[in-house]
Amino acid sequence: MAREKQTGIIKDDKYLNHCVGEDHPECPERLRALYSMLEDPDVAGRFKEVTARSATKMVQLLERAHTG
């Protein structure tokens with residue numbers, strides 16, 4: 001039996017605090033619209049919700065390879 005592939009979505013309201021400027025496409029309004037679309041009955045259940053976790057380990061790995 002073939003394994004079903006699923007796309008994971010990390011959804012967390014703390015991401016709504018991420019704002020990089022007025023004219024930038026990454027903004028809380030865009031994320032709210034995406035979150036709303038994920039709740040639409042035609043879309044709900046198509047994605048696997050993944051729990052957000054700390055990026056501490058990734059930051060440590062990046063700091064090993066990059067300075068300043």
**Asked** So how tilted is helix 28-39 from the main axis of the chain? Cα-based, degrees 0 to 90, rounded to 10.
**Response** 30 degrees
**Helix-only [θ]222 nm of the chain, DSSP H runs n ≥ 4, -39500 (n - 2.57) each, per residue, nearest 500** = -10000 deg cm²/dmol
**Complete:** With Cα coordinates, the longest principal axis of the chain makes an angle with the long axis of helix 56-65, in degrees rounded to 10, of 50 degrees
**Message:** Could you tell me the ratio Rg/Rh of the chain? Both radii from Cα atoms, Rh via Kirkwood.
**Reply:** 1.08
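Each value in this text was obtained by applying a stated rule to the coordinates, not by laboratory testing. Worth saying up front: this structure is predicted, and the values here are computed from it rather than measured.
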